Amino acid sequence: MSDTVKKTRGKATPKKAAKAAASSQAVVKNIVSAAVAGADVTNAQLIERRNAAVARGVASAAPVYAQYAENAELWDVEGNRYIDFVGGIGVLNTGHRHPKVVAAAKVQEDHYTHTSFQVVPYGPYIELAEKLNALAPGDAPKKSLLVTTGAEAVENAVKIARAATGRPGVIAFTGGYHGRTLLTLGMTGKVSPYKKGVGPFPADVFRAPFPSVRDGITVEDAITGLKNLFLTDAEPSRVAAIIIEPVLGEGGYTPVPVEMMQQLREICDQHGILLIADEVQAGFGRTGTWFAIEHSGVVPDLITVAKSMAGGYPLAGVIGRADVMDAMEPGGLGGTYGGNPVACAAALAAIEAIEDEGLLARSTAMGETLKARFSEIGARSAPYRFWDIRGLGAMVAVEFVTDFDTAKPDADFTKRVIAHALKRGLLLLSCGMHGNAVRVMVPLTASDAIIEEGLSIFEAAVQAAVAEEA
């Protein structure tokens, strides 16, 4: 964000505020015009080049190509403007190009961009580890490991858990998403498109049921299923860890019921199993707390983090009890690019922005607004199609069905809503086991006006999708 835009966030009279807003809009308009003028390419041309050069398995949700982005807005190479309710799949809680994040990265780049922490270590890694240890729930001493991707963080969490317990087994849950590497795919509980044709997957990975209102699976049923798993396939004394997303990501933005999380903690303690909270998508303020598991009051043994930690820079990590994290021998953890110094500097700035700008409270308020507006839109524009509106904080999803009587998932309707939204300038993304939910990952820094504009476009898209069925 430019300094001119940033300065308009302060208090002002209505007249001064309007003048400042007009000034900032003019600045952005000029920047966008210059950026687009330099593109000299169309979306269609890039699609053609992409099809010839990029592996087919790398999918993109929108057939438009980015040229410039600012907070919660994005412009493509042809100058079309979009309100971003996707945020790079939950990476941009502090928005595109947050001034603190950009400035911190540039300062670090003037010193060094890479040494490999395993060769010549550096301060930003240590400072970020200290910050993460302080933010993570629980009173026990903690330590952190920094890596590059969410999947890498999850794999390392499993490796650490196995080293600490001397056990091989890992239990995950139906609908959970933990990554696309072979080990994390073994834990991911959704076949299409992630697991098709790439097995077999690693052994000693087991799956327990997740509570589902749609499928009639209660918390009691889910816990019973886990205990039955202990009896049939996963002997507790051989299980190193139970891993769970406190809010399912790809699985539909469904929060884990508090009573289930509490029972999982008790079961882990009973059997000497470590509890891993996969906070890759739900962390860093998305749910109104630093970590989504804080809503339950449960303290996990290990936490995996990534996405919004570094405000758009590739960085991930594992935070955990010091005695558990120290189970690996020196040299057993790390990676050439793990904890890149520029990304660490960006992360420290992103965390500072979340603190200074009150984005945890902003997330809670934003979530209340989103749920209320989605309820209004559903009742007004698509009665009996918004089957469920759910989430924690601003991590909210709307699930679409054909009708309330059958509650049949309607993935086709969901696709049409997303397509109509894109035509009108709103970026959306689906999720859920049946692909029939729209999830919201708009930057927490987005203004009320931008949020409302996005919701208005969303309603128009819903109306258009309904009209196609007439």
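The values are calculated or read from the model by the stated rules, or taken from the named source; none is laboratory data. None of these values were measured; they are calculated from a predicted model. Cβ coordinates were reconstructed from backbone atoms using ideal geometry, including for glycine residues, and neighbour counts include every protein chain displayed. Accessible surface areas use protein heavy atoms only, side chains included; no ligands, DNA or RNA. Shrake-Rupley method; radii C 1.70, N 1.55, O 1.52, S 1.80 Å.
See the values below:
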| read-out | value |
| --- | --- |
| Only one of Ala407, Ala397 that is open to solvent by less than 30 Å² (accessible area, probe 1.4 Å), touching a residue at least 60 places away in the same chain (Cβ under 8 Å) and touching a Gly at 6+ places or on another chain (Cβ under 6 Å) | Ala397 |
| Wholly within segment 138-242, strands (runs of 3 or more DSSP E) carrying at least 3 residues that are touching a residue at least 60 places away in the same chain (Cβ under 8 Å) | 142-147, 169-173 |
| Flag if Ala407 is modelled with pLDDT under 95, more than 20 Å from the chain's Cα centre (by Cα) and closer than 22 Å to Pro255 by Cβ | yes |
| Selected residue (only one of Ala467, Ala437, Ala461 is more than 24 Å from Thr287 (Cα to Cα) and either open to solvent by less than 50 Å² (accessible area, probe 1.4 Å) or among the basic types (Lys, Arg) (or both)) | Ala461 |
| Selection within segment 209-224 - buried (at least 17 other Cβ atoms within 10 Å of the Cβ) and more than 25 Å from the chain's Cα centre (by Cα) | Ile223 |
| From the options Ala372, Ala382, Ala419, residue that is within 27 Å of Val191 (Cβ to Cβ) and surrounded by fewer than 22 Cβ atoms within 10 Å (Cβ to Cβ) | Ala419 |
| Segment 344-369: number of residues that are without any contact (Cβ under 8 Å) to a residue 60 or more places away in the chain and open to solvent by less than 40 Å² (accessible area, probe 1.4 Å) | 1 |
| Subset tally (residues that are surrounded by fewer than 21 Cβ atoms within 10 Å (Cβ to Cβ) and either of a type in the set (S, T, N, Q) or within 20 Å of Gln281 (Cβ to Cβ) (or both)) for segment 440-450 | 1 |
| Close pairs (8 angstrom Cβ cut-off, 6 or more residues apart or separate chains): closer than 20 Å to Thr254 by Cβ in segment 371-391, modelled with pLDDT under 95 and among the β-branched types (Val, Ile, Thr) anywhere | Asp388/Val213 |
| So Asp139, is it farther than 20 Å from Pro341 by Cβ, out of contact with any Asp or Glu (no Cβ under 8 Å at 6 or more places or on another chain) and either of a type in the set (Asp, Glu) or surrounded by 23 or more Cβ atoms within 10 Å (Cβ to Cβ) (or both) | yes |
| Unique residue being under 18 Å from Ala316 (Cα atoms), of a type in the set (Ser, Thr, Tyr) and open to solvent by 10 Å² or more (accessible area, probe 1.4 Å) when the list is Thr165, Thr149, Thr184, Thr174 | Thr149 |
| Residues (open to solvent by 60 Å² or more (accessible area, probe 1.4 Å), at pLDDT 80 or above and in a helix (DSSP H, G or I)) located in segment 32-45 | Ala44, Gln45 |
| Any hit, segment 294-309, residues being out of contact with any Ser or Thr (no Cβ under 8 Å at 6 or more places or on another chain), touching a residue at least 24 places away in the same chain (Cβ under 8 Å), under 17 Å from Asp139 (Cα atoms) and among the small types (Gly, Ala, Ser) | yes |
| Search result, residues across segment 67-95 that are farther than 17 Å from Ala394 by Cα, in a strand (DSSP E or B) and either open to solvent by 70 Å² or more (accessible area, probe 1.4 Å) or touching a residue at least 60 places away in the same chain (Cβ under 8 Å) (or both) | Glu70, Glu73, Leu74, Arg81, Tyr82 |
| Residue within segment 311-321 that is part of a loop (DSSP other than H, G, I, E, B) and closer than 22 Å to Ala241 by Cα present | no |
| Breaking point among (1) assigned to a helix (DSSP H, G or I); (2) surrounded by fewer than 22 Cβ atoms within 10 Å (Cβ to Cβ), for Pro330 | (1) |
